[in-house]
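Novice: I'd like to ask you about the structure that follows.
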Amino acid sequence: MNHASRPGHGQLLGLLRAGVRHAHSGRLRGAATGSQGAESHGENIWVFAHRRTEQVIYSFTKKLDGFHGLKQLPFNGKKTKPAKLRKDYWSPLALIRFQPGQGSVGRSVFQKLRELKHLHEVAWTDELRHKRPEEFSSQDKKKIAEQKDQGIDYQPIRSKEERGIALNAQKKNAIADIASVLAGEGRGNKVVAAGAEGGEKELVDVTVSWANDQDKKYAETWSKNVSHSLFEVPAYVAGEPEKQVTKTAA
C-alpha cells in the first residue's frame, strides 16, 4: 500500500476496503463535459496544487472552476481557506488519463480520491499536533535541550494556525492516494478490469502525466498498469486556455 507520512492512515485503509459512495447520478453539467458527452466524461482527471500551501483540487477539466474548486477546500482555521481561487497560485500537478470509453472508471477514481482527501483533512491523529524538526524555532530547540537534561522527551506543539497549515498541505498524500487507487485498492474499484476473478488482479491501463516527474516518488510504488509521462504547462493567464506538451518520462 502506498502512503506518505500522514495521519489517520489506518482509517484510510479502512475506507479503501469498505469502498466509498458512488458519485451522485444526475445530469452532467455542460461545463464539465464540454463537447465530449457523458460517455467520455471522466477519461481525464486533472490534479491541481497550490504553489505555496500545497492544497489540492481534483477536476474533470483543465481549467479550474472557482465555485466547485472552492467546495473542495475545507476551513482549517482563520485564513486557511481563500475567498476565491487565484489562478496564478494554482497549477496542474498531474493529469490522470484513461483509455477512450473508460469514463466510468475515471469517475469512480475521482470519487475515491475526493473521499480520501476529505478523510485526510478531518481524521487526523495527535501526530499532527507536534512540530517536525524543520519547524523548530530557536526557543523550541532551547526548551528541548533543557527538558532533555531532565530526562524529558519534549515535543513542541503546533499552534492552531500551524495545524491549519499542516492540514492544508495535501500534495504528498494526494500522490500516495493516486498510486493506491490506480493499483485497484478498495472494494468496488473500477480500475480492476471487469470479469477479473481470483489470482492476480487485472487492472486497466492508465497514464499519469506530471508537471515534475520527481513528484511521483512521494508514492512508495506504482502498479504495472500505470505509465508515466511529463507535460509542460505555462503559468495560468486568467481566461486563456493553457497549452499542453506531453513527452515520455525518462
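The values are calculated or read from the model by the stated rules, or taken from the named source; none is laboratory data. Keep in mind it's a predicted model, so treat the numbers as computed, not measured. Backbone-built Cβ (ideal geometry, glycine too); neighbour counts: all protein chains shown. Note: areas computed on protein heavy atoms with side chains; ligands, DNA, RNA excluded. Shrake-Rupley method; radii C 1.70, N 1.55, O 1.52, S 1.80 Å.
Novice: Considering only the range 135-157, I want to know if a residue exists there that is at pLDDT below 80 and touching a His at 6+ places or on another chain (Cβ under 6 Å).
Specialist: Among the residues of the range 135-157, not one is at pLDDT below 80 and touching a His at 6+ places or on another chain (Cβ under 6 Å), which makes the answer no.
Novice: Take the range 69-125 and flag every residue that is outside any loop (DSSP other than H, G, I, E, B), open to solvent by 60 Å² or more (accessible area, probe 1.4 Å) and under 27 Å from Leu230 (Cβ atoms).
Specialist: Result: Arg97, Arg107, Arg114.
Novice: Could I ask something else about it? Take the residues in the range 182-205 that are touching a residue at least 60 places away in the same chain (Cβ under 8 Å) and among the basic types (Lys, Arg), then tell me which one is surrounded by the fewest Cβ atoms within 10 Å (Cβ to Cβ).
Specialist: Result: Arg187.
Novice: A follow-up question, please. List the number of the failed condition for Gly186; all other conditions in (1) in contact with a Gly (Cβ under 9 Å, 6 or more places away or on another chain); (2) modelled with pLDDT of 90 or more; (3) small (Gly, Ala, Ser) hold.
Specialist: Looking at each condition in turn, Gly186 falls short on (2).
Novice: Looking at (1) surrounded by 14 or more Cβ atoms within 10 Å (Cβ to Cβ); (2) modelled with pLDDT under 95; (3) under 19 Å from Leu113 (Cβ atoms), can you tell me which one Ala179 breaks?
Specialist: Ala179 satisfies all of (1) surrounded by 14 or more Cβ atoms within 10 Å (Cβ to Cβ); (2) modelled with pLDDT under 95; (3) under 19 Å from Leu113 (Cβ atoms) except (2).
Novice: Scan (1) exposed (fewer than 15 other Cβ atoms within 10 Å of the Cβ); (2) closer than 30 Å to Pro100 by Cβ for the single condition Glu161 breaks and write down its number.
Specialist: (2)
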